[in-house]
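Please read the structure below before turning to the comments.
The values are calculated or read from the model by the stated rules, or taken from the named source; none is laboratory data. Quick caveat: nothing in here was measured; it's all calculated off a predicted structure. So basically every Cβ, Gly included, is an ideal-geometry build from the backbone, and we count neighbours across all protein chains shown. Surface areas here come from the heavy atoms of the whole protein model, side chains and all, with no ligands, DNA or RNA. Shrake-Rupley method; radii C 1.70, N 1.55, O 1.52, S 1.80 Å.
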Amino acid sequence: SPKKKSLSDEMTKWGPPLSQKERARIAKLSTTELVEMLKTGDTLHKSTALSQLRANGGSERNFDLLLSIAADRRVGGGMIVEGLVSAIDESASAEDKRRVDKFVDFLEAQLKSAEPSVRHTQAVRSLGQAVHSPQSLPDRLDPEGIERKRPPYGYARVMGILTACLDNTDWRVREEAIQRLG
């Protein structure tokens, strides 16, 4: 006999999931329409619009646009910055390095802001994501022949920012920094 779906199987923490028809409708929207949905929609619509803006190289193509939306306190940028930048190698392109630098600048400013558009804990988590990635960077051998991972681009700068977060008055920020430094 087929397993009966429970109410929890049919719900997200924000309510019922979007229908396949609604997700298909959103997939056909223009960038302008997706941005408007990201700014004004409910959480599920925002999430789906963000996924569309990031799809097929959109994270890179729409990077500056997404970061400008994340800066809007009315939108709340935590969802936008989560996973927006991943670790890159020192040999990456100038454009990739520009994105990392701009991302780190943005999050560092958020950490200094009394009224950030991105929660301080989310800023710390995203900084960590910018230099720690599930994809490993190329290995090298040190003089003793031990394999070492090369630190990604921006690593020293981000580690400095995270280390400074250990003095933050908010225990949640300190805890997140400890996790990212570990």
Q. Within the set of pairs 6 or more residues apart or between chains, which connect a residue that is in contact (Cβ under 8 Å) with a residue 40 or more places away in the chain and surrounded by fewer than 18 Cβ atoms within 10 Å (Cβ to Cβ) inside the range 28-48 to a residue that is hydroxyl-bearing (Ser, Thr, Tyr) and in a helix (DSSP H, G or I) with Cβ atoms less than 8 Å apart?
A. none
Q | Some residue of the range 104-119 being surrounded by 16 or more Cβ atoms within 10 Å (Cβ to Cβ), over 14 Å from the mean Cα position of the chain (by Cα) and part of a loop (DSSP other than H, G, I, E, B) | A | yes
Q. Of the residues in the range 80-100, how many are in a helix (DSSP H, G or I) and under 14 Å from the mean Cα position of the chain (by Cα)?
A. 4
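The rows are residues; the columns are (1) farther than 25 Å from residue 132 by Cβ; (2) in contact with a strand residue (DSSP E or B) (Cβ under 6 Å, 6 or more places away or on another chain); (3) of a type in the set (A, V, I, L, M); (4) at pLDDT 90 or above.
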residue: 10; (1), (2), (3), (4): yes, no, no, no
residue: 26; (1), (2), (3), (4): yes, no, yes, yes
residue: 73; (1), (2), (3), (4): yes, no, no, no
residue: 81; (1), (2), (3), (4): no, no, yes, yes
residue: 84; (1), (2), (3), (4): no, no, yes, yes
Q | Among the residues listed as 96, 64, 89, 72, the single one being open to solvent by less than 30 Å² (accessible area, probe 1.4 Å) and of a type in the set (D, E, K, R) | A | 89
